[in-house]
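Asker: Here it is, the structure, as structure tokens.
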Amino acid sequence: MAPRPMAWPDRAIEAEPGGCDRLKIRECLMRYCRALDCADSHVLASCYWPDGPAAAFVEQAVPALRAMRRALHKIGNVLIELDGEEARVESFVVAYHSLPDSLGGAEAVVGGRWIDRFEKRAGVWRIASRRFQLDWCRNVAPGEGWSEALYGLPAGMPAGAMAMRAAGSLSA
């Protein structure tokens, strides 16, 4: 049997009940991760409703993130239960943090879940409340051999030297 062509994602999402809402919630979560990794207080705050927990969290988190050498937040499974203009959302997250030498240079990999209540107001989904459930954490001494180069390739390699796809292509 020949493989069936994929449907365009927007068509598939529109056909699913609540699909567009789920997509907007996931997009908010992706912006949230990017804001953490870039220590962007404005984008981070925009993921929360102003009458929620954002201000205190942003005030505390952004300076701590800016002090780190590296931070990376990745979301895995996202479970979304829609209930009208509210949604209960559980997102599995793995975060990597590398502290500066002035704070001991430790590295931590953290696994847990963000347990959120999202609200939709004027067509926009944002976090109304959040709880973090720590499932595991691995703290290690500073690693050796970290570099900014991919696979140990020479720094300053021309842009696109590792490209395997044509410019603008999303396929192999």
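Please treat every number below as a calculation from the coordinates, not as lab data. It should be emphasised that the depicted structure is a prediction, and the values quoted were computed from it without experimental measurement. Note that we place each Cβ from the backbone using ideal geometry, even for glycine, and neighbour counts take in every protein chain shown.
Asker: Describe numerically, in nm with one decimal, the distance between label points set 7 Å from Cα along Cα→Cβ at Arg26 and at Arg121.
Answerer: Result: 2.6 nm between the two label points.
Asker: Find out how many positive minus negative residues lie around Pro100, taking Lys and Arg as positive, Asp and Glu as negative, among other residues whose Cβ is under 13 Å from that of Pro100.
Answerer: Details: positive: Arg66, Arg69, Arg70; negative: Asp101, Glu107.
Charge balance near Pro100 sits at +1.
Asker: Also: Within a Cβ distance under 14 Å of Cys137, other residues only, what is the Lys/Arg minus Asp/Glu net charge?
Answerer: 0
Asker: Where does each of Val109, Val89, Val62 land when they are ranked from fewest to most other beta-carbon atoms within 10 angstrom? Don't skip to the answer; put the middle values down first.
Answerer: Numbers: Val109 14, Val89 24, Val62 19.
Starting with the residue having the fewest Cβ neighbours, the order is Val109, Val62, Val89.
Asker: Tell me the net charge near Gly84. Cut-off is 15 Å between Cβ atoms, Gly84 excluded, with +1 for each Lys or Arg and -1 for each Asp or Glu. Could you put the intermediate results ahead of the total?
Answerer: Numbers: positive: Arg22, Lys24, Arg88, Arg117, Lys120, Arg121; negative: Asp21, Glu81, Asp83, Glu85, Glu86, Glu119.
Around Gly84, the charge tally is 0.
Asker: Between Lys74 and Arg88, what is the label-to-label distance in nm when each label sits 7 Å out along the Cα-to-Cβ direction?
Answerer: Going by the 7 Å Cα→Cβ label model, 2.9 nm.
Asker: For Ala108 and Phe57 in the same chain, what is the full-extension length gain: residue separation times 0.36 nm, less their Cα-Cα distance, in nm? Don't jump to the answer; show the numbers that get you there.
Answerer: On the way: separation 51, 0.36 × 51 = 18.36 nm, distance 1.99 nm.
Gain on extension, Ala108 to Phe57, equals 16.4 nm.
Asker: So what does log10 I(q)/I(0) come out to for region 58-142 at q = 0.25 Å⁻¹, using the Debye formula with one equal point on every Cα and no solvent?
Answerer: Here the Debye-derived log intensity ratios amount to -1.19.
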